[in-house]
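A short reminder: the numbers here are calculations on the coordinates, not readings from a lab. In this text the structure is predicted, and so the values were computed from the model without any measurement. When we count neighbours, we look across all protein chains shown, and the Cβ atoms used for this are built from the backbone with ideal geometry, even at glycine.
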Amino acid sequence: MTLDNLDESSPPVHNGVINSAAYLNGVRVADVSIGELGLAWRDLDRFLWVGLYEPGEELLAQIKQAFGLHDLAIEDAQRAHQRPKLEVYDDSLFVVMRTARLSDGGEHRIEFGETHVFLGPRFLVTVRHGSLKSHVGLRARCEATPQLLAKGEGFVLHALMDFIVDQYFPILDALEKELDDLEEQIFSGRFVRNVTSRLYHLRRDLLSLKQAVTPLMEVSSQLSRIDSPLIPPDTRRYFQDVHDHVIRIADLIDGLQQLSHLALDANLALISVAQNDDTKRLAAWAAILAVPTLVAGLYGMNFKFMPETEWRYGYPVVVIVMFMICGFLYRWFRKVGWL
């Protein structure tokens, strides 16, 4: 699951704010404006959950002031382009994850984004960069399970990570299907010009996925073992489950990378074989045509004293001999597989 999302397919964004709400015992009790976050946070019975989309410097400054966040974490959240990581700042955590989704185009190209999470006592703030569609539906799913949402910020962070990680599986399924299609084309016996280009883009997508997933293994492992009151012991086992999913995804990516490498090598090898076959055919036909060319060239020389030119049957005999030699060469080249 994931967190700062609404039920709509395109969540509305108002000045960088997607949603800002207070929860009591897992039940949403009020919407809270950004300016009132500091005051609302003083209520020790409530948990605040704020979702932002590509916020500006002024909005992040308000978030920093409301929850006392660290300057370096705020700077990272504003600039984006961060590597997935987990950082501990006093009594808060800062987590960076990369989202991924298939683009709406015809080909299986991937849109990447980032989600930055500020986690502290009784609050969670997400800062999203990239596609708005990558998080749709999480908040509603969390609110549908108030007994779990009542666990607070630790549960929401797990829900977010679980949702983001699960989004990698359909992408890998699509890439695996594309690879299967490419393998069928490669071994179909027909040379398709764009196969090499598609394999290159496929391998580039797999590399991008691996760069997003590999650091996430360390993040999920740390969260499953972290000694922090923000992640209670009964919540850490959920992060272990996320960690297992991340390892599985990394293994799937490695497998697809190896298969795509083998497919690329096989494609290049078959292209080379096809080119060699074409070269053999051209050489065979050149050898066959060389015979009449040689004979015709010999008789084309204007020498007066050539015994064969005075013979009555010279022309038909020469033609028959040329056809016999050409026929012999043709059969021989067919036998050795050059034609």
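3J(HN,Hα) along the range 193-202, derived from phi through the Karplus expression 6.51 cos²θ - 1.76 cosθ + 1.60 where θ = phi - 60°, amounts to 5, 8, 4, 4, 5, 5, 5, 5, 5, 5 Hz, with x in place of Gly and Pro. For the range 169-280, averaging the sequence separation of C-alpha pairs within contact (under 8 Å, six or more residues apart) and dividing by the residue count gives a relative contact order of 35 percent. Between the alpha-carbon centres of the range 28-43 and the range 80-100 there is a gap of 24 Å. Short-range pairs are left out: with C-alpha atoms under 8 Å and at least six residues apart, the relative contact order of the range 97-236 is 22 percent. Does the range 167-211 come out rounded, prolate or oblate, given a ≥ b ≥ c as the square roots of the eigenvalues of its C-alpha gyration tensor, rounded meaning a/c under 1.5 and, failing that, prolate meaning a/b above b/c? Cα axes put the range 167-211 in the oblate bin. For the listed peptides 190-198, 147-155, a ranking on the average number of other beta carbons within 10 Å per residue, highest first, reads 147-155, 190-198.
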